[in-house]
Amino acid sequence: MTWIALKMLTGDKPKFFGIVMGLTFAALLITQQGSIFCGLMLRTAAQITDITGVDLWVMDPSVRFIDDTKPMLESNLYRVRGVDGVRWAVPLYKGNARAKLTPLGPAGKPVNVIEQVILLGLDDVSMVGAPPPERILAGKLIDLRQTDAVIVDRVGLRKLFPALKGQVPPHPDELIGKFEADGVTPKKDILPSFIGQELEMNDHRAVIVGICEATRTFQSNPVVYTTYTRAKSFVPRERKLLSYVLVQVEPGQDPTKVAENIRARTSLGAMSSDEFQMLTINYYLKYTGIPINFGITVFLGFLVGTAIAGQTFYNFTLENIKQFGALKAMGTTNTRIVGMVLVQAAVVGLLGYGIGTGGAAIFGQRVQGTELAFFTWWPVLPIAGGAVVLICLLSSLISVRRVIVLEPAIVFRG
């Protein structure tokens, strides 16, 4: 009976491909939009995941997400260092600064550029929070100790230097490539050529000594690394400038208990990187319309997939009604008929799910390193699979009802 069901399914190729395409569209849209949503949520906490080697983040207790900095007095740094279980604690400045420069534009003429940047001030001695060596694409991290030195992320170069449009490769794997036209510097040399370029922030000179690869943020502003002391001169002076305290606990100590000690001793907020990341993501989930917008798109994809697959599957059943009637006239039970319909639904469901998720994976691979956020979190795949199964079940129910109430005598009419 399974073989007969498959022969009936593939006998009408236009309708067979129509059902598969409807399910493919639903699976593709759900997987693609779900992956873009997950990628966007990860970008909200990108700078938390970029800073490695720390156990705890200490901050003002009213901070709601990574960009919601509430400056603290620098004396809090020493209070945290005095808590039992703290191995070391270093300061971190995080804020927005305004970078000014006059580079050459696409036409070769100087242009005035004023760009908002994300400024990160690292501990002057340990450089905790700096990009790891494998993510330094040009220059050296130690050069950050030079006078007025800053390190800029690769993607930010395209905003700070308009002439770079189309010349900075979208992904570090493409840094070595063949690209040369009309005297333009090849890709493999384009990044080192910007070592020594100067910026102006808060009427202070800043010199680019390195280019790094930083995870893109939700705001997509250029990321600029410098030392903590220097960062305070790159922004307007305030009484409170300490954004966060990065803590590593003593070996053998439980970070959760140390965080409790910090909260009890200093009245500050303290949490692990994972907790801070979830706090940031939950803020965007709760207080922005992003989940609703993506949810509507996914729901529409589900409805369209259901409509296409259901209507096509129903028409397919109507065209094969005499075949089902003949089977019933030969003694085939309703249970066996329902099983045949479910086999047909399972086959088109597997094909549609496989093609749809495969198309989403190809799309995600093609957009890696671009402005579009894309990350396929593992629950996205079973959610898309569950949606396809539900569409197949709804489509099957419409068809099965017509088959169950079918009179075998229909085969002898006409």
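The values are calculated or read from the model by the stated rules, or taken from the named source; none is laboratory data. This one's a predicted model, so the numbers in the text were calculated from it and none came from an experiment. These accessible areas exclude ligands, DNA and RNA; they are computed on the full protein's heavy atoms, side chains included. Shrake-Rupley method; radii C 1.70, N 1.55, O 1.52, S 1.80 Å.
Given a 1.4 Å probe, how much area per residue of the chain is accessible, in Å²? Before the final figure, lay out each step's value.
On the way: 20350 Å² over 414 residues.
I get 49 Å² per residue for this part.
Going by amide H atoms built from the backbone, whose H comes under 5 Å of the H on N202, apart from near neighbours?
Residues meeting the amide H criterion: R98.
Taking amide H atoms as placed 1.01 Å from N in the peptide plane, list the residues 5 or more away in sequence, or in a different chain, whose amide H sits under 5 Å from that of V207.
Here A149, V150, L199 satisfy the definition.
Please list, in chain and number order, the residues 5+ apart from D123 or on another chain whose amide H is under 5 Å from its amide H, with Hs placed from the backbone.
V128, Y228
Just need the relative contact order of the chain here, percent rounded to a whole number, with Cα pairs under 8 Å and 6+ apart.
Values: 720 pairs, mean separation 131.4, N = 414.
Once divided by the residue count of the chain, the mean separation gives 32 percent.
Which number do you get for Rg(Cα) / (2.2 N^0.38 Å) in the chain?
Numbers: Rg = 29.6 Å, N = 414, 2.2 N^0.38 = 21.7 Å.
Taking N as the residue count of the chain, the ratio is 1.36.
Pairs to check: K7/K322; K159/K240; K94/K159; K100/K232; K15/K328; K140/K257. Give those whose C-alpha atoms are more than 26 Å from each other in this structure.
Where the Cα-Cα span goes over 26 Å, the pairs concerned are K159/K240; K140/K257.
Using the Kyte-Doolittle scale, find the helices of the chain whose mean hydropathy is at least -1.0 and whose Cα atoms extend 30 Å or more along the helix's long axis, counting only whole DSSP H runs. All intermediate terms of the calculation are to be shown ahead of the outcome.
Values: long enough: 13-44 (46 Å, 1.01); 290-319 (44 Å, 1.14); 334-366 (48 Å, 0.98); 380-404 (35 Å, 2.01).
Going by DSSP H runs, the hits are 13-44, 290-319, 334-366, 380-404.
Normalised by the residues of the stretch 200-279, what does the relative contact order come to in percent, with Cα pairs under 8 Å and at least six apart? Mind dumping the intermediate values first?
Working: 25 pairs, mean separation 17.6, N = 80.
Over the stretch 200-279, the number comes to 22 percent.
Along the stretch 110-121, what does the Karplus equation 6.51 cos²θ - 1.76 cosθ + 1.60 (θ = phi - 60°) give for ³J(HN,Hα), rounded to whole Hz, x for Gly and Pro?
The phi angles translate into x, 10, 8, 10, 10, 10, 6, 10, 8, 9, 10, x Hz.
Calculate what fraction, in whole %, of the accessible area of the chain sits on carbon and sulfur atoms when a 1.4 Å probe is rolled over the protein chains. Write out the running numbers ahead of the final one.
Details: 11920 of 20350 Å².
C and S atoms contribute 59 percent here.
Work out from phi, with θ = phi - 60° and the Karplus expression 6.51 cos²θ - 1.76 cosθ + 1.60, the ³J(HN,Hα) of each residue of the stretch 148-156, listed in order in whole Hz, and give x for Gly and Pro.
After applying 6.51 cos²θ - 1.76 cosθ + 1.60, I find 6, 7, 9, 10, 10, 6, 4, 5, x Hz.
Of the beta bridges DSSP finds with both residues in the chain, what % are antiparallel, to the nearest 5?
Details: 34 of 44 bridges.
DSSP beta bridges in the chain are roughly 75 percent antiparallel.
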